[in-house]
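A quick write-up on the structure given underneath.
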Amino acid sequence: MLQYLIERLSHEPKVQQIVVATTDDRNDEPIEEFCRNHGILCYRGSEADVLGRIFDAATVFGADPVLRLTADCPLLDVDVLSNQIDVFLEKNLDYCYLGLTFAEGVCADLCSYKILSYTNQHATLDEDREHVTPFMHKNRNKFRVVGLENSVDDSQYRFVVDRREDFEVVSAIINDLYRSNEKPFGMRRVKQYLDQNPEIYAINCDLVRNESYNAFRLIS
């Protein structure tokens, strides 16, 4: 999954460097080995304090702005990502996120190093440090924040990998749609595939959307 995510991300020329920020737990040593074998930058930090890990990785590698992606979303849409980067730069934002009208699995957070540093310094709740961005949502009045919404509501689609059922769905999508040496297929093609294969869609359609999105409810 990690290799596939990185391969898709490599198709976006606006991303200047890729860093895998994994934990310092010995169980994640294979991730560091994978990065070393494939020439990918790697940073290891706290398992529980994800915010601190991301901030430290950004500091070490001089990243600004910082695009945060999670490895449970291997089907990122590079066109959506490209538009998100354009909006962030054109509006001179501190933080730009993708809203809940996108399918679960189309997720990316883009923030300035400045707001990441401020958040790392002031966020004290465990949930804020574990999920990285809730503090930014709760204090959005202090920053330039924009949430992008999809042109249509795709919230009923799920191609994130949190459960075994999710892995079955995403595996089927990749096995049937992936073509080497081609631009990665986007979310429209994934939706079309799930609509045409209702037995695949049904595998995980009843699962509740990831609780890490609780931050959005704080601003509603």
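The values are calculated or read from the model by the stated rules, or taken from the named source; none is laboratory data. Just so it is clear, the structure is predicted and the values come from calculations on it, not from any experiment. All Cβ positions, even for glycine, are placed from backbone atoms using ideal geometry, and neighbour counts span all protein chains on display.
Could you say which residue among Arg36, Arg44, Arg26 is at pLDDT 95 or above and crowded, with 17+ Cβ neighbours inside 10 Å?
Arg44
Considering region 180-196 alone, what residues qualify as being acidic (Asp, Glu) and farther than 16 Å from Val78 by Cα?
Listed by number, the list holds a single entry, Asp195.
Out of the residues in region 85-100 meeting the condition of being more than 20 Å from Lys142 (Cα to Cα) and at pLDDT 95 or above, tell me which one is surrounded by the fewest Cβ atoms within 10 Å (Cβ to Cβ).
Taking the candidates together, the pick is Asp86.
Of the residues Asn210, Asn204, which single one is modelled with pLDDT under 95, closer than 17 Å to Ala71 by Cα and within 20 Å of the chain's Cα centre (by Cα)?
Matching residue, one of Asn210, Asn204: Asn210.
Check Asn175, Asn120, Asn141 and return the single one that is in contact (Cβ under 8 Å) with a residue 24 or more places away in the chain and assigned to a helix (DSSP H, G or I).
Asn120
Evaluate the following for Leu98: is it more than 19 Å from Leu51 (Cα to Cα) and hydrophobic (A, V, I, L, M, F, W, C)?
Against the criterion (more than 19 Å from Leu51 (Cα to Cα) and hydrophobic (A, V, I, L, M, F, W, C)), Leu98 does not qualify.
Out of the residues in region 59-84 that are farther than 28 Å from Val169 by Cβ and touching a helix residue (DSSP H, G or I) at 6+ places or on another chain (Cβ under 6 Å), which is surrounded by the most Cβ atoms within 10 Å (Cβ to Cβ)?
Val66
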